[in-house]
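For reference, the structure discussed in these notes is given below.
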């Protein structure tokens, strides 16, 4: 199993917390957005007690940071924009996958329509890179700044991310004569207080008519080709590092300790069948 | 049979933004011995046109991304910017890398539109914006990083 941890750190220096989270959850790949710490300082902290992490720098994208428990040669950038880094995870003896990490424009600056339009570009971008890679074993992870039910997430020409793995297993759907591959979006299963863990990954109380309070901005999407390698129970929104709580007593993210976003952890079984 | 078509139908007296980009793309290859090349990617916006039109009237049927590409690094690609325009060619809308955008705002005090894009209203503007993008710190940094990766 390979463990991947994503966290939008909220432009705060959190290298000690990141290290605790990584160690407590045995993270093989750490993916971070809005990082205030310099990569070198973070790397030093991660390797303070045991030198096990490598920095895996982007080339054109320097806003999303990646650290791996294996040499960065196995997690090289494949395609990038200022908000997206697509890496090829190619570990010996394991199935190669594409890991697309994204940090989408915030709702503070972008309307839902603009985000949805951007999703059509992101969807097209991913499909193109899958074509170049010659497979569709892709996961998309990051701060999408959208909820799973928003137009850009669900639309066929957008990310086409559905809540039901049985539907995702159909592989693709034809709309107006064009074929669009599915993503499975397991984050639907973690929405609300009836789910295990926090009700979302981001909390915001709006003084307006429409307010969700909790948002599921940080998401993991899985292509059908990886469904057998991903188990829903191996996905979690984390609310503590093992040493401290990342949420207040009310359960909402505590920015004074952690970030305004909660980290997301997931595992994939990439072992090649004998 | 009477020919109802105008005589000057095939006369094209304006260079398209795409033509200009292609010229610049080929110049980059020459400057870097083809270690870093620029590829123009056609975003098939007609594919998504219905959705886009439903979402906004302000999108363009012709849309291209300018991708810095390094064949020696497993064809690594970086999207420096994308442009969009319609059949009238101008205005051209630029969607820039955020670092490049910040640099242009700082240097020129020209603010992008509400949707974050810069507009070139004619060929002269278009060339001016391209010049700024290509000489931006981010573009130069990425090209140099790719060259040094390959050379090491």
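Where a number appears in this text, it was derived from the coordinates with a stated rule and is not lab data. Only a predicted model underlies this, so the values are computations on that prediction, with no experimental measurement involved. Cβ placement follows ideal geometry from the backbone for every residue including glycine, while neighbour counts extend to all protein chains displayed.
Is the shape of the stretch A:54-202 rounded, prolate or oblate, going by the alpha carbon gyration tensor and its root eigenvalues a ≥ b ≥ c, with a/c under 1.5 for rounded and a/b larger than b/c for prolate? Note, shape of the stretch A:54-202 comes out rounded.
From the Cα gyration tensor of the stretch A:1-133, with a ≥ b ≥ c the square roots of its eigenvalues, which class applies: rounded if a/c is under 1.5, or else prolate if a/b is larger than b/c, or else oblate? Oblate. Helix B:98-108 and the longest principal axis of the C-alpha atoms of chain B enclose an angle of approximately 80°.
The mean count of C-beta atoms from other chains within 10 Å of the C-beta of residues in A:107-115, rounded to a whole number, is 3. Subtracting the Cα-Cα distance of residue A:38 and residue A:172 from their residue separation scaled by 0.36 nm leaves 44.1 nm. By the helix-only formula, in which each DSSP H run with n ≥ 4 contributes -39500 (n - 2.57) and the sum is divided by residues, chain B has a 222 nm mean residue ellipticity of -12500 deg cm²/dmol. When each of the peptides B:141-147, A:88-94, A:50-56 is scored by the mean number of other C-beta atoms lying within 10 Å of its residues, the order from highest to lowest reads B:141-147, A:50-56, A:88-94. Label-to-label distance, residue B:110 versus residue A:213, with points set 7 angstrom from Cα along the beta-carbon direction: 4.8 nm.
Note on residue A:96/residue B:39: beta-carbon distance plugged into 1/(1 + (r/R0)^6) with R0 of 30 Å gives a FRET efficiency of 0.80. Per residue, chain A reaches -5000 deg cm²/dmol at 222 nm when only DSSP H runs of four or more residues are counted, each adding -39500 (n - 2.57).
Packing order of peptides A:126-134, B:28-36, B:96-104, highest average first: B:96-104, A:126-134, B:28-36 (average count of other Cβ atoms within 10 Å over each peptide's residues). Once divided by 2.2 N^0.38 Å, the Cα radius of gyration of the stretch B:91-152 becomes 1.25.
The Rg/Rh ratio of the stretch A:136-195, with Rg taken over Cα atoms and Rh as the Kirkwood radius over Cα pairs, comes to 0.97. Per residue of peptide A:52-64, the mean number of Cβ atoms on other chains within 10 Å of the residue Cβ is 3.
Neighbouring Cβ atoms from other chains, within 10 Å of the Cβ of residues in A:119-125, number 5 on average. In units of the compact-protein estimate 2.2 N^0.38 Å, the stretch A:180-261 shows a Cα radius of gyration of 1.24. Working from label points 7 Å from Cα in the Cα-to-Cβ sense, the residue A:71 to residue B:119 distance is 5.2 nm.
Eigen-decomposition of the gyration tensor built on the alpha-carbon atoms of the stretch A:36-87 gives equivalent ellipsoid semi-axes of 21, 13, 6 angstrom, largest listed first.
Just the Cα atoms of the stretch A:77-120, one point each, no solvent: what log10 I(q)/I(0) does Debye give at q = 0.22, 0.33 Å⁻¹? Rounded to two decimals, the profile gives -0.77, -1.10. Comparing A:227, A:108, A:43 in a Gaussian network model of chain A where C-alpha atoms under 10 Å apart are linked, the largest mean-square fluctuation is found at A:108. Here the spin labels are modelled as points 7 Å beyond Cα on the Cα-Cβ line, and at residue A:233 and residue B:27 they lie 6.1 nm apart. Volume per residue of the convex hull around the Cα atoms, evaluated for the protein assembly as shown, comes out as 189 Å³.
Computed over the alpha carbons of the stretch A:1-48, Rg followed by Dmax gives 10.0, 30 Å.
Mind running the shape call on chain B? Use the C-alpha gyration tensor, a ≥ b ≥ c as the square roots of the eigenvalues: rounded below 1.5 for a/c, prolate if a/b tops b/c, oblate otherwise.
Prolate is the answer for chain B, as a/c is 1.5 or above and a/b outweighs b/c.
Taking the DSSP bridge list for chain A and keeping only pairs wholly inside it, about 75 percent are antiparallel.
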